[in-house]
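Heads up: the structure comes next, in structure tokens.
What follows is calculated from the coordinates using simple rules that are stated; it is not laboratory data. In this text the structure is predicted, and so the values were computed from the model without any measurement. Ideal geometry is used to build each Cβ from the backbone, glycine not excepted, and the neighbour counts take in all protein chains shown.
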Amino acid sequence: MEELLDSIIAEAEKSVERTTYLLPVLKQANVVDAGAQGILDILIGIKLAFSRVESINENLDKKIIRGNVTQDNISGKVGAMAGNPDPDAGKDTGQKVKKAAMDAGSASSNRELEEVKIKSEIKYTYCTELVVKGNGINLERLREKIESYGDSAIIVGNESIVKIHVHTNTPQKVLNRAIRQGTIHDIQINNMKDQRMEAIGERPVAAQETKAPEGRALVVVANGAGIEEIFKSVGVDAIVGGGQSMNPSTYDIVKVINSLDAAEVIIFPNNKNIILTANQAKKLVKKKTNVTVVPTRTIPEGISALLNYNPDAGMEENTYNMEQAISSSKCGEITQAVRDANLYVGEIKKGAFLGLYNGKVKVISDNIADVTIDLIRDMVEGSEEVITFYTGKDARQEDMKAVRERLKKDFPYLDIEIHRGGQPLYPFIFSIE
């Protein structure tokens with residue numbers, strides 16, 4: 001059945017894509033037919049429902065209950081009723097069997113039942129679902145990657161919106177891959193082992209009590225409409241305005257933390273100059289609030305850390321996982337010199353483009369495409385797969401286009417993802433993974 005649904009959905013996807021060219025108005029707007037998309041969504045829903053039922057059937061503990069309801073005592077009751085000249089004697093035998101079974105079940109209801117449980121292990125713990133919205137999404141490449149993270153994978157959509165469902169042990173990898181394609185929405189991550197235990201009434205109380213407190217909040221420092229939207233899409237509760245040359249004050253951070261009235265708060269400064277300020281704010285907030293500062297130095301580091309955050313884990317485990325993610329992050333930034341200077345990399349003229357790798361100037365050029373490509377060449381080692389750009393408020397489309405064309409030529413093995421960040425001062429910020 002599952003294979004049949006996969007085939008139907010695959011053909012339906014192709015059919016929906018073809019609707020763009022069936023009507024002039026659809027072709028002009030470059031959209032698909034809404035009704036056709038609706039039918040596809042229904043098919044996807046059927047597939048998701050079927051997948052969940054199959055998963056539950058496979059993974060739940062099965063109980064075989066043995067009591068006094070046996071074929072013999074049912075037959076005995078039927079025989080007794082057959083010889084009894086009461087009004088039920090002439091009724092259908094099937095009704096008598098049903099009544100006998102109910103009577104037998106009732107008779108044994110106060111007796112201890114023997115339960116034989118057949119255990120089965122869940123290979124992939126987390127049922128992960130989300131929606132990705134973007135431009136030019138590479139559906140086939142995304143499907144290939146998501147399928148490698150687990151099983152029961154369903155990835156359907158088009159270049160602008162994709163729905164993802166997968167069973168996995170690493171939901172953070174799924175989110176990390178998805179956010180490279182655009183913004184992520186409607187995220188649901190469910191622990192299927194907990195669901196199994198709840199369904200059979202065996203979930204221990206202690207397991208329920210270890211859930212992270214509901215009063216935990218995530219706070220980031222960021223500037224730029226696109227950047228802020230990305231952070232909101234991964235679950236951030238509050239944003240403190242600020243960034244390079246616009247550092248927020250200690251009071252600004254304290255005010256935001258206190259307004260949340262949360263028992264626990266995690267702060268992501270996203271700038272090396274703001275880490276000290278965040279640590280100072282940590283000392284000045286309300287005493288009832290436990291504050292942790294994750295020392296993110298760049299926007300990509302902040303996003304990478306958040307994608308490794310687990311709301312069900314404790315602060316210590318989360319801090320460790322997020323700091324590990326930061327340590328493996330490669331971040332490049334392109335900006336312009338505001339004055340003449342002499343650095344270890346050479347003479348810098350006002351207006352020249354500077355390429356920074358993890359906060360240090362590595363390359364200089366009068367051409368933004370040249371400085372970007374040279375910086376990337378300095379950063380890559382050959383094992384990377386994806387480069388993700390966040391374009392600034394003043395970034396020009398033609399510059400991004402030139403960079404993209406040269407990347408395809410010089411680094412054909414890299415997937416290129418581009419997001420509108422809207423940050424000031426930095427035309428391009430990018431991460432390589």
**Study point:** Given charges at beta-carbon only (K, R positive; D, E negative), |dipole| of the stretch 304-433 in Debye
**Key:** 640 debye
Point to revise | Normalised per residue, the volume of the convex hull around the Cα set of the stretch 357-411 (Å³) | key: 97 Å³
Check your understanding: Listed here are the pairs Lys123/Lys232; Lys232/Lys393; Lys14/Lys47; Lys232/Lys401; which of them are more than 22 Å apart at the Cα?
Key -> Lys123/Lys232; Lys232/Lys401
Check your understanding: Which FRET efficiency value, to the nearest 0.05, is calculated for Ala337 and Lys409 with the Förster distance at 35 angstrom and r the Cβ-Cβ distance?
Key -> 0.80
Study note, to complete from the structure: Leu284 and Ala34 label points (each 7 Å along its Cα→Cβ direction) are spaced in nm at 5.1 nm
Check your understanding: Could you give me the ³J(HN,Hα) list for the stretch 320-325, computed from phi with Karplus coefficients 6.51, -1.76, 1.60 and θ = phi - 60°, whole Hz, x at Gly and Pro?
Key -> 4, 4, 6, 5, 5, 5
Exercise for review: Rank-order 388-394, 409-415 by packing density, defined as the average count of other C-beta atoms within 10 Å over each peptide's residues, highest first.
Suggested key: 388-394, 409-415
Revision key, fill the gap. Residues whose modelled amide H sits under 5 Å from the amide H of Thr335, counting only those 5 or more places away in sequence or on another chain, are Leu354, Leu356
Point to revise | Normalised alpha carbon radius of gyration of the stretch 291-433 [divisor 2.2 N^0.38 Å] | key: 1.12
Exercise for review: Could I get the Rg over Rh figure for the stretch 235-327? Both from C-alpha atoms, Rh via Kirkwood, rounded to two places.
Suggested key: 0.93
Point to revise | Additional length obtainable on full extension of the chain from Ile161 to Leu276, 0.36 nm per residue less Cα span | key: 37.4 nm
**Study point:** Ala225/Glu347 FRET efficiency (R0 45 Å; Cβ-Cβ; nearest 0.05)
**Key:** 0.80
Check your understanding: How far, in nm, would the chain grow between Asn258 and Val380 when pulled straight, counting 0.36 nm per residue and subtracting the alpha carbon separation?
Key -> 39.7 nm
